[in-house]
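The values are calculated or read from the model by the stated rules, or taken from the named source; none is laboratory data. This one's a predicted model, so the numbers in the text were calculated from it and none came from an experiment. Positions of Cβ are backbone-derived with ideal geometry, glycine not excepted, and every protein chain shown enters the neighbour counts. Please note that ligands, DNA and RNA were not included when accessible areas were found on the heavy atoms of the full protein model with its side chains. Shrake-Rupley method; radii C 1.70, N 1.55, O 1.52, S 1.80 Å.
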Amino acid sequence: DSLTTIRNNIIRLAECNNSKFKSFITLTYNKDVTEEENTKYLNLFFTKIKKKCKDLSYIWVLERTERGRIHIHILSSLSFPKCTAKSNELKTEEHKMQEQKLEEIWCYKGVNLGWVDIRSIDKEQCRKYSLYLATYLNKSMYVTEIEKQKHLYGYSRKNLLKPIEEKYEIDMGLEDLIKDFISEYDLTFTNSYSINHENGYS
């Protein structure tokens, strides 16, 4: 239940601010780092960017590869108009230059920490990428990280609208309640997230 709550929080937070997010950034380490090191490096990364971009907004999620190496995926308000290549397309020289500039910030004491991948996104694509973020939170990683009391995700405390949750007491079963609101849709229940669908109810 807690993992589902975290995933839903990420999606709702992204959708409340979908007009602000302009890029999807992936930070990849060039070596294995501990959770403590990652926290230090990531905080420094955001601090450096905030000095140049006072109104920075972001949501980040930690992902572990099968080998256990950490990746950081970020929905960001930073705009990179030249970084429009899709994952199956070759990047232009302008695209690579933008990534290299960000790699200069992705460092510690002058030592580069790894690689940066940037994808420009628009308001319509924001939902798809918020689902990407939610999908990166898999159950095995969740159990391990929560037991260690580590952070799985985070977001900027300023400049983001927070979703409003309203609760009501009503004498109606869940299926009848949902059907009453979305009667034109077929009702299904799932705890998995498809990262391919664009709009609609999940």
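Return the residues of the range 160-182 that are open to solvent by 90 Å² or more (accessible area, probe 1.4 Å) and farther than 30 Å from Phe21 by Cα; say none if nothing qualifies.
Tyr168, Glu169, Ile170, Asp171, Leu174, Glu175, Asp176, Lys179, Asp180
Read through the list (1) part of a helix (DSSP H, G or I); (2) of a type outside the set (Lys, Arg); (3) touching a Gly at 6+ places or on another chain (Cβ under 8 Å), then give the number of the only condition that Thr28 fails.
Of (1) part of a helix (DSSP H, G or I); (2) of a type outside the set (Lys, Arg); (3) touching a Gly at 6+ places or on another chain (Cβ under 8 Å), only one is false for Thr28: (1).
Just a yes or no: is a residue in the range 3-24 in a loop (DSSP other than H, G, I, E, B), closer than 13 Å to Gly154 by Cα and in contact with a Leu (Cβ under 6 Å, 6 or more places away or on another chain)?
We begin by selecting, within the range 3-24, every residue in a loop (DSSP other than H, G, I, E, B); these are 17-22.
Now restrict to residues that are closer than 13 Å to Gly154 by Cα: none.
No, the range 3-24 contains no residue that is in a loop (DSSP other than H, G, I, E, B), closer than 13 Å to Gly154 by Cα and in contact with a Leu (Cβ under 6 Å, 6 or more places away or on another chain).
Show the residue pairs meeting these rules: Cβ distance below 8 Å; 6+ apart or different chains; first residue within the range 23-42 and under 30 Å from Lys123 (Cα atoms); second residue in a helix (DSSP H, G or I).
Matching pairs, first to second residue: Phe24/Tyr129; Phe24/Tyr132; Ile25/Leu102; Leu27/Leu42; Leu27/Phe45; Tyr29/Asn38.
Here's the yes/no breakdown for (1) touching a strand residue (DSSP E or B) at 6+ places or on another chain (Cβ under 8 Å); (2) of a type in the set (Val, Ile, Thr); (3) at pLDDT below 90:
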| site | (1), (2), (3) |
| --- | --- |
| Ile25 | yes, yes, no |
| Leu42 | yes, no, no |
| Lys54 | no, no, yes |
| Ile59 | yes, yes, no |
| Thr65 | yes, yes, yes |
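May I ask you to list pairs of residues, at least six apart or on different chains, whose Cβ atoms are under 6 Å apart, with the first in the range 1-19 being open to solvent by 60 Å² or more (accessible area, probe 1.4 Å) and the second being modelled with pLDDT under 85 and of a type outside the set (A, V, I, L, M)?
Matching pairs, first to second residue: Arg12/Pro163.
Of all the residues that make up the range 78-93, how many are outside any loop (DSSP other than H, G, I, E, B) and open to solvent by less than 90 Å² (accessible area, probe 1.4 Å)?
In the first step, residues of the range 78-93 are kept if they are outside any loop (DSSP other than H, G, I, E, B); the result is 93.
Still in the running and open to solvent by less than 90 Å² (accessible area, probe 1.4 Å): none.
So the count comes out to 0.
Check the range 106-113 and report whether any residue there is in a helix (DSSP H, G or I) and among the charged types (D, E, K, R).
Within the range 106-113, none of the residues are in a helix (DSSP H, G or I) and among the charged types (D, E, K, R).
Among residues belonging to the range 43-74 that are in a loop (DSSP other than H, G, I, E, B), free of Cβ contacts under 8 Å to residues at least 60 places away in the same chain and not hydrophobic (A, V, I, L, M, F, W, C), point out the one that is farthest from Ser19 (Cα to Cα).
Initially, the range 43-74 is screened for residues in a loop (DSSP other than H, G, I, E, B), giving 53-57, 65-69.
After this cut, where a residue has to be free of Cβ contacts under 8 Å to residues at least 60 places away in the same chain as well, the list is 53-54, 65-69.
If we keep only those that are not hydrophobic (A, V, I, L, M, F, W, C) as well, we get 54, 65-69.
Working: Lys54: 17, Thr65: 30, Glu66: 33, Arg67: 35, Gly68: 33, Arg69: 32 Å.
Top of the filtered list is Arg67.
Among the residues that make up the range 78-97, is at least one of them within 18 Å of the chain's Cα centre (by Cα), polar (S, T, N, Q) and within 17 Å of Tyr153 (Cβ to Cβ)?
Among the residues of the range 78-97, not one is within 18 Å of the chain's Cα centre (by Cα), polar (S, T, N, Q) and within 17 Å of Tyr153 (Cβ to Cβ), which makes the answer no.
Quick check: anything in the range 145-152 within 20 Å of the chain's Cα centre (by Cα), at pLDDT 65 or above and either surrounded by 11 or more Cβ atoms within 10 Å (Cβ to Cβ) or not small (Gly, Ala, Ser) (or both)? It would help to see each step written out before you state the result.
First, the residues of the range 145-152 that are within 20 Å of the chain's Cα centre (by Cα): 145-146, 149-152.
Pick out the ones that are also at pLDDT 65 or above and you get 151-152.
Among the residues that remain, those that are also either surrounded by 11 or more Cβ atoms within 10 Å (Cβ to Cβ) or not small (Gly, Ala, Ser) (or both) are: 151-152.
Yes, some residue in the range 145-152 is within 20 Å of the chain's Cα centre (by Cα), at pLDDT 65 or above and either surrounded by 11 or more Cβ atoms within 10 Å (Cβ to Cβ) or not small (Gly, Ala, Ser) (or both).
Quick check: anything in the range 90-100 among the hydrophobic types (A, V, I, L, M, F, W, C) and touching a helix residue (DSSP H, G or I) at 6+ places or on another chain (Cβ under 9 Å)? Let's see the steps before the verdict.
First, the residues of the range 90-100 that are among the hydrophobic types (A, V, I, L, M, F, W, C): 90, 97.
So of that shortlist, the ones also touching a helix residue (DSSP H, G or I) at 6+ places or on another chain (Cβ under 9 Å) come out as none.
There is no residue in the range 90-100 that is among the hydrophobic types (A, V, I, L, M, F, W, C) and touching a helix residue (DSSP H, G or I) at 6+ places or on another chain (Cβ under 9 Å).
Report, by residue number, each residue of the range 106-120 that is surrounded by 15 or more Cβ atoms within 10 Å (Cβ to Cβ) and more than 17 Å from the chain's Cα centre (by Cα). Reasoning before the result, please.
Here is the first cut: in the range 106-120, the residues surrounded by 15 or more Cβ atoms within 10 Å (Cβ to Cβ) are 106-107, 113-120.
Passing the criteria: Trp106, Cys107, Leu113, Gly114, Trp115.
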